[in-house]
């Protein structure tokens with residue numbers, strides 16, 4: 001690495017000497033630009049700024065507009081990263097003027113993009129969106145896919161800043177789709193971080209952390225980029241902080257600040273110092289909290305002072321005025337030329353103009369009438385759309401409240417895990433509410449020699465979302481009834497009881513027969529005698545023994561199906577040894593499409609994964625299962641609710 005740095009420095013020194021000796025040409029300017037861009041990629045922004053100023057002086061002296069336009073853009077990037085936004089915008093505008101003079105559409109779009117980013121940093125979101133939209137329009141026109149992805153990213157960032165999270169996610173997923181098509185791993189990392197940041201703002205912290213961890217994993221597999229790493233760390237810290245995990249938040253925030261100080265990233269230092277102040281305040285260390293709040297305010301005053309902001313706006317106004325003035329001069333010159341060459345035809349032109357004006361007025365009247373009609377229609381459509389959005393919001397609010405009710409009815413996963421030596425619950429609903437459920441109870445049989453049993457059930461109700469959730473609540477109620485019924489002394493009898501309730505009594509209250517039901521597995525664990533009493537309706541029991549995974553097959557019929565009214569559910573007795581494991585799961589995980597060939601996850605793949613993890617703790621097994629499933633699903637939509645329970649006996 002040292003040799004490479006020496007070589008780069010020697011190249012720069014050689015170029016500077018060539019310029020000083022008046023032996024340089026436009027190629028020398030382009031070469032020095034490239035070296036400064038390389039320094040920026042190594043986060044050497046101060047050094048890059050030093051040499052790009054040499055390039056600018058040389059380009060202005062020799063009037064090399066093409067190379068000089070690039071030099072101004074590089075200088076703008078240096079100032080931008082250092083947090084000097086007024087200087088950044090000044091250089092971007094100079095670059096823009098030259099690119100417009102050269103009719104370089106790609107260069108114009110890049111300048112619009114960079115100016116838009118500067119306005120975003122300063123909080124001028126309307127102006128930022130205007131510039132990014134201009135850049136997007138040009139990049140679509142010239143089919144510049146890599147930079148088109150940047151535009152979608154930046155527009156998504158603006159929408160995130162104004163809390164329009166739906167549009168923000170929409171634009172970031174468009175960017176991600178292009179980057180995946182181009183197989184640009186480093187840019188995919190940026191998109192994953194952006195999406196994770198939005199999920200944090202939406203208070204979807206688990207989803208946020210998943211995307212940031214995917215970004216870190218991919219960043220480690222490619223040329224590790226410190227800026228992308230710090231972004232992931234600071235956003236994970238935000239997610240942990242807002243989710244109440246302050247010690248985890250502290251760890252990731254400190255990592256982010258450390259990298260930001262190393263590479264000189266003012267924005268992350270600003271955000272990180274504020275976050276660390278809040279974390280230490282929550283942890284009760286008020287001295288450190290005060291120190292970080294002071295650091296945050298000092299840096300904020302430097303970056304966002306009124307003089308700096310006013311200078312940026314002044315530069316923009318000067319540029320707009322100069323551009324309008326040039327346009328007016330061009331129009332006047334053109335008018336004079338036309339008047340000189342067409343003086344003899346003036347009367348004919350006037351006649352033609354009069355005819356055109358009459359036609360124009362007639363067409364305008366027709367257009368205006370159509371416009372008025374269209375306005376009335378648009379007003380009605382707007383009112384209807386507002387009503388639809390309000391109804392949609394009410395529905396979403398109702399479903400979110402239903403999720404709270406569902407969570408209250410389901411067993412607490414933390415208490416459930418504590419009932420066993422080791423256990424886990426991997427629950428990932430497709431929608432807000434779930435049709436998959438798990439249930440737990442301690443019971444004593446009413447037989448002559450009563451047994452103390454730990455009864456565990458996992459059910460996959462018909463459908464997902466709201467229909468599945470309603471059925472899951474009914475299933476929970478029937479399970480609770482079953483353990484209080486003294487006539488039920490086995491899992492098979494329990495399933496028969498539930499089947500009878502759903503297929504007979506429920507249908508008595510409905511004119512149309514209800515065919516909805518569920519697949520379910522029930523295990524009654526007798527720890528004293530190391531036995532499991534199992535019965536299943538289309539859901540198997542898996543037991544991890546020393547020699548591999550054994551499957552106990554279920555009765556091949558669903559609860560509540562048209563053919564199950566008189567079905568008998570067999571109770572199977574299984575002996576087990578200490579530290580063996582059992583697994584119950586819904587078919588949502590095995591039926592999920594994904595992977596390179598977009599195929600199902602399959603039972604075989606799930607079995608192989610659990611066997612590989614047999615020497616790990618149950619907590620590690622759940623983490624590995626979750627990460628593998630998320631990676632397998634990738635950008636594919638989740639097809640069904642997913643639920644997996646693991647218990648170490």
**Complete:** Being over 24 Å from residue 227 (Cα atoms) and modelled with pLDDT under 90 narrows 53, 20 down to just 20
**Asked** Hey, among the residues in region 220-254 that are over 18 Å from the mean Cα position of the chain (by Cα) and not in a helix (DSSP H, G or I), which one's surrounded by the fewest Cβ atoms within 10 Å (Cβ to Cβ)?
**Response** 223
**Message:** Checking the condition over 39 Å from the mean Cα position of the chain (by Cα), in the same structural domain as residue 459 (by TED's automatic domain parsing), modelled with pLDDT under 90 and buried (at least 18 other Cβ atoms within 10 Å of the Cβ), which residue from 514, 498, 532, 502 passes?
**Reply:** 502
**Prompt:** Within the bounds of region 576-598, is there any residue that is in a helix (DSSP H, G or I) and either in contact with a strand residue (DSSP E or B) (Cβ under 8 Å, 6 or more places away or on another chain) or in contact (Cβ under 8 Å) with a residue 12 or more places away in the chain (or both)?
**Reply:** no
**Request:** Count, please, the residues in region 64-93 that happen to be over 32 Å from the mean Cα position of the chain (by Cα) and touching a residue at least 24 places away in the same chain (Cβ under 8 Å).
**Result:** 11
**Request:** Output yes when any residue across region 280-297 is farther than 20 Å from residue 631 by Cα and within 19 Å of the chain's Cα centre (by Cα), and no when none is.
**Result:** no
**Asked** So which residues in region 599-636 are surrounded by 16 or more Cβ atoms within 10 Å (Cβ to Cβ) and part of a loop (DSSP other than H, G, I, E, B), if there are any at all?
**Response** 601, 613
**Complete:** residue 197: passes all of (1) in the same structural domain as residue 233 (by TED's automatic domain parsing); (2) at pLDDT 90 or above but (2)
**Asked** Given the conditions (1) free of Cβ contacts under 8 Å to residues at least 40 places away in the same chain; (2) assigned to a loop (DSSP other than H, G, I, E, B), and given that residue 550 satisfies all but one, which numbered condition is not satisfied?
**Response** (2)
**Prompt:** Would a scan of region 584-598 turn up a residue that is over 38 Å from the mean Cα position of the chain (by Cα), surrounded by fewer than 19 Cβ atoms within 10 Å (Cβ to Cβ) and modelled with pLDDT under 95?
**Reply:** no
**Request:** Name, by its number, the condition in (1) within 29 Å of the chain's Cα centre (by Cα); (2) modelled with pLDDT of 85 or more that does not hold for residue 263.
**Result:** (2)
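For (1) in contact with a helix residue (DSSP H, G or I) (Cβ under 6 Å, 6 or more places away or on another chain); (2) touching a residue at least 40 places away in the same chain (Cβ under 8 Å); (3) more than 19 Å from residue 289 (Cα to Cα), each residue gets a yes or a no:
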residue: 187; (1), (2), (3): yes, yes, yes
residue: 209; (1), (2), (3): yes, no, yes
residue: 217; (1), (2), (3): no, no, yes
residue: 234; (1), (2), (3): yes, yes, no
residue: 244; (1), (2), (3): no, no, no
residue: 253; (1), (2), (3): yes, no, no
**Fill in**
Matching residues in region 450-471 (surrounded by 24 or more Cβ atoms within 10 Å (Cβ to Cβ), in a helix (DSSP H, G or I) and touching a helix residue (DSSP H, G or I) at 6+ places or on another chain (Cβ under 8 Å)) number 1
**Item:** Set 176, 136: member being without any contact (Cβ under 8 Å) to a residue 60 or more places away in the chain and crowded, with 18+ Cβ neighbours inside 10 Å
**Value:** 136
**Message:** Going residue by residue through region 557-573, is there one that turns out to be assigned to a strand (DSSP E or B) and surrounded by 20 or more Cβ atoms within 10 Å (Cβ to Cβ)?
**Reply:** yes
**Request:** Specify the residue that is surrounded by the most Cβ atoms within 10 Å (Cβ to Cβ); the eligible residues are those in region 37-51 that are touching a residue at least 40 places away in the same chain (Cβ under 8 Å) and assigned to a helix (DSSP H, G or I).
**Result:** 45
**Request:** Hey, can you tell me all the residues within region 436-477 that are closer than 17 Å to residue 489 by Cβ, in contact with a strand residue (DSSP E or B) (Cβ under 9 Å, 6 or more places away or on another chain) and at pLDDT below 85?
**Result:** 444, 445, 450, 451
**Asked** Just to be sure, is residue 281 part of a helix (DSSP H, G or I) and buried (at least 22 other Cβ atoms within 10 Å of the Cβ)?
**Response** no
**Message:** Show me the helices (runs of 4 or more DSSP H) entirely contained within region 94-211 in which 2 or more residues are closer than 30 Å to residue 428 by Cα.
**Reply:** 145-161, 165-182, 185-201
**Asked** Taking the condition surrounded by fewer than 17 Cβ atoms within 10 Å (Cβ to Cβ), over 35 Å from the mean Cα position of the chain (by Cα) and over 19 Å from residue 107 (Cβ atoms), does residue 60 pass?
**Response** no
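The values are calculated or read from the model by the stated rules, or taken from the named source; none is laboratory data. Remember, it's a predicted structure, so these values are computed and weren't measured experimentally. Cβ atoms come from the backbone with ideal geometry, glycine included; neighbour counts cover every protein chain shown.
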